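The values are calculated or read from the model by the stated rules, or taken from the named source; none is laboratory data. Fair warning: this is a prediction, and the values are worked out from it, not measured in the lab. Ideal geometry is used to build each Cβ from the backbone, glycine not excepted, and the neighbour counts take in all protein chains shown.
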Amino acid sequence: MSLDNSFGQFLILLDKIWHFVLISVGNKQIELSNIIIAFSLFYFFLRHYHKIGPFLVHRLAESVAPENKEMIEKIFSVLIGVVLAIFILQIANIPLESFAFLGGALALGLGLGVQHLINNLLSSLIITIEKPLSIGDIITIDGKTGKVTDIGNRCITLNTFSNATLFIPNSSILQSSLVNWTKESKPLIHRIQLMVPKVLDIDEVTESITSLLDKKTSKNISPKVILESLNANYYIYLITYKAKINEDSLLFKHHLNIELTKALGTKIIIENIDINKAWA
């Protein structure tokens, strides 16, 4: 067999594989090539679509008020995302109605991918309009607390106080319980329970705690020290202070725990503090 014939047979085989029919829906046949094209375009779209909204807003910068730029950018991104998603499916010859009938893993995966993308884009638009959170806010969601450092078209970026970076889908923001501590206008009551061994002098302990708090806190914190109870082995103190949740208040807890341990010794027990649900 000549080299030309071998190469020709190879091209014929590739053509058969490329046009291999995976499934027929109505009068349309979905070939392997359609799925490959769809996923390739989908991947390219995911990598670059977030640049389109800012580009269009930049072109309209002179005619758009600064406070409206973010909202318009999100609207452009959502509209472009929906249009391009439909456009990709049409180019790939995949009819929209096929998602109601296809059971194949590839088609199902593509359908779910488009669904999640559009869901997050629409959620991003709702977040922009309703503003439940903003960049710089301190929030708690799904038990995780941190500062919002970015609000993207697909997810928000949350930097926790342990310096971990979390990426939370926009749809989760709307579907989960969210506490925005920054937007609360009133301070909350923070509580620290301190258990001090009875071998220490009670007057000296009380004086040490009060003196330490006076040195380490400002008028905005205004802590109070109460000898709440005692048992056979410990004096149990309750330290309360009013503060909004922010980095300063969380660092205050950290430094206070360290200073109390230094001042009173390693035998004390510091119960990590809760935040009273009652308003201050």
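Some observations on this one:
- Residue that is farthest from residue 82 (Cα to Cα), among those in segment 134-145 that are crowded, with 19+ Cβ neighbours inside 10 Å and within 10 Å of the chain's Cα centre (by Cα): 139
- The residue list 135, 94, 118 contains one member that is of a type in the set (A, V, I, L, M) and modelled with pLDDT of 80 or more, which is 135.
- Listed by first and then second residue, the pairs linking a residue in segment 13-34 that is within 17 Å of residue 90 (Cβ to Cβ) to a residue that is part of a loop (DSSP other than H, G, I, E, B) and at pLDDT 75 or above, with Cβ atoms under 8 Å apart and 6 or more places separating them unless they lie on different chains, are 31/19; 31/20; 33/19.
- Segment 170-205, residues that are at pLDDT below 80 and in a helix (DSSP H, G or I): 202, 204, 205
To keep it simple, each residue is scored yes or no on (1) crowded, with 19+ Cβ neighbours inside 10 Å; (2) in contact (Cβ under 8 Å) with a residue 60 or more places away in the chain; (3) among the aromatic types (Phe, Trp, Tyr); (4) part of a helix (DSSP H, G or I).
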| residue | (1), (2), (3), (4) |
| --- | --- |
| 120 | yes, no, no, yes |
| 129 | no, no, no, yes |
| 132 | no, no, no, no |
| 147 | no, yes, no, no |
| 153 | yes, yes, no, no |
| 158 | yes, no, no, no |
| 163 | no, no, no, no |
| 166 | no, no, no, no |
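- If you go through segment 213-241 and keep only what is of a type in the set (A, V, I, L, M, F, W, C) and modelled with pLDDT under 75, you end up with 213, 221.
- Residue 196 fulfils the conditions (1) free of Cβ contacts under 8 Å to residues at least 60 places away in the same chain; (2) closer than 30 Å to residue 230 by Cα except for a single criterion, (1).
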